[in-house]
Amino acid sequence: MAIVVQKFGGSSVANPERIQRVARRVVETKAAGNQVVVIVSAMGDSTDDLIDLARQITDKPKAREMDMLLATGEQVSIALLAMAIDKLGHSVLSLTGPQVGILTEHVHGKAKILDVNPERLRLELDAGNIVIVAGFQGATETGEITTLGRGGSDTTAVAVAAALKADVCEIFTDVDGVYTTDPRVVSNARKLNRITYDEMLELASLGAQVLHPRSVEVGKEYNVPIHVRSSFNYNPGTIVQEVVDEVEKDMMVRGVAYDLNVAKIGLFDVPDKPGVARTLFKALAERRVNVDMIIQSAMRDDKNDIAFTVGKDDLELAVEVVKEVNEAIGAGGLTYDADLAKVSIVGAGMVSRPGVAAMMFEALADEGINIDMIATSEIKVSCVVSASEAKRAVQAIHKAFELEGDVAANDEGFKAG
Ligand code: ADP
Ligand code: ASP
Ligand code: MG
């Protein structure tokens, strides 16, 4: 008997009708002879609503209490889905992350899953139950409730699939699969039939919301096939796996991603001597600020400028740290800007092709969009631009690489349901 893990995102369980529709789909999978574990997110925008509620109480909620609050969102949807499946006459039970044994590190708001204990799940599956698991949450060794970061239910699903050695992890969402870019920004973006873990990981880390980056990492590590598809139809979606067909590999750029959660801090006239960068970035790391792009300018008069980006949530804390470091090392002051975005192209095929970055810069130049920072790796090029220009930048780049349109003739391989 195959084990199928299905994850339904917030929009798929946004109201009672949708929950009933999900229930029918889950029951179909069970009736087809599979053991089924279902992971659900909180209903619709309810996680945002809980965050708003907290803000009405305080500007600075304790991270522990925030997790206690946000974890309730998923508890609502698991119970309702279990009720809907029960009404259809199938044995079912819902379990929270801690009940399943989803063990996380002791970090609130962005905990990593350390282990998933498959025992309880196996027991329930073998007893013939459909099991509904709350996404996005787990518990530390000492029983503290944690959450995995926004969009983290995807990671719960893939981690559960890995622990159970499931045959597939299906991620049901409100689009038909992974597209060459966000279909909300480019309406004629093209659906990809297959994408490699590495490319998907880059796209997800660079802002493509459709999968939580950590879920792709876990999928790669445990070789879990991930099928991203729509909960509103039966169209085949996108398979995320280790290798893609030769033909698809030829696509120089597979996707364009954007991230509006970007803030930049610049530190001026930093003395040019060993250990300065260490002091700055160690201080940031000690306060758990995630630093993304880093640029150090060419030296002049024994001084450098260092600029780096962080997520907007971390800006206040990062500025505090940089002010301290500025004093400590005798630098010349700092500036910051939160109205930025990062636009990126991703594709394993770009390694062997010179000129890809230049094509991206040209597309931006033709639109009169200024580039603030640039970062490259073997399979991506990222540019920081002003936030107000991000969507126009994505549209121009998508067009320049001719990613739009129907599925190309060589890209129609995948037909399985
Ligand atoms: P869920 O609630 O199901 O987890 P999300 O909102 O987290 O859904 O993710 C789905 C959304 O991701 C889509 O509605 C789409 O706007 C966005 N998205 C961004 N980039 C892409 C992409 N490359 N392919 C598909 N969807 C994308
Ligand atoms: N409910 C959480 C969020 O809105 C987790 C998820 O949807 O994956 O971020
Ligand atoms: Mg999501």
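Observations
- Of all the numbered requirements in (1) closer than 22 Å to Glu28 by Cβ; (2) more than 13 Å from ligand 3 (Cβ to nearest atom), Val175 misses one, and that requirement is (2).
- Scan of the range 299-310 for residues that are modelled with pLDDT of 95 or more and either of a type outside the set (A, V, I, L, M, F, W, C) or surrounded by fewer than 19 Cβ atoms within 10 Å (Cβ to Cβ) (or both), ordered by number: Thr309
- In the range 1-14 there is no residue that is within 16 Å of ligand 1 (Cβ to nearest atom), more than 22 Å from the chain's Cα centre (by Cα), under 20 Å from Phe172 (Cα atoms) and crowded, with 23+ Cβ neighbours inside 10 Å.
- One residue from Ser205, Ser215, Ser187, Ser230 being within 21 Å of Met293 (Cα to Cα) and among the hydroxyl-bearing types (Ser, Thr, Tyr): Ser205
- Hey, Asp167 among the charged types (D, E, K, R), away from ligand 3 (no atom under 16 Å from the Cβ) and farther than 26 Å from Gly347 by Cα or not: yes
- The listed residue being among the small types (Gly, Ala, Ser) and within 16 Å of ligand 2 (Cβ to nearest atom), out of Ala111, Ala163: Ala111
- Checked against the criterion of being more than 9 Å from ligand 1 (Cβ to nearest atom) and farther than 27 Å from His106 by Cα, the range 201-224 contains not a single residue that satisfies it.
- Any pair with Cβ under 9 angstrom, 6 or more apart, that starts in the range 205-221 at a residue that is more than 19 Å from Val160 (Cα to Cα) and among the small types (Gly, Ala, Ser) and ends at one that is part of a loop (DSSP other than H, G, I, E, B) and away from ligand 2 (no atom under 14 Å from the Cβ): Gly207/Asp182; Ala208/Val178; Ala208/Thr181; Ala208/Asp182
- Every listed requirement among (1) touching a residue at least 40 places away in the same chain (Cβ under 8 Å); (2) in a loop (DSSP other than H, G, I, E, B); (3) within 15 Å of ligand 3 (Cβ to nearest atom) is met by Met200 save one, (2).
Per-residue answers, yes or no, for (1) in contact with a helix residue (DSSP H, G or I) (Cβ under 8 Å, 6 or more places away or on another chain); (2) farther than 20 Å from Gly332 by Cβ; (3) away from ligand 1 (no atom under 14 Å from the Cβ); (4) in a helix (DSSP H, G or I):
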| position | (1), (2), (3), (4) |
| --- | --- |
| Arg229 | no, yes, no, no |
| Tyr234 | no, yes, yes, no |
| Gly266 | no, no, yes, no |
| Val270 | yes, no, yes, no |
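The values are calculated or read from the model by the stated rules, or taken from the named source; none is laboratory data. Just so we're clear, the structure is a prediction, and the values are computed from it rather than from any experiment. Reconstructed Cβ throughout: ideal geometry from the backbone, glycine too, with neighbour counts over all protein chains shown.
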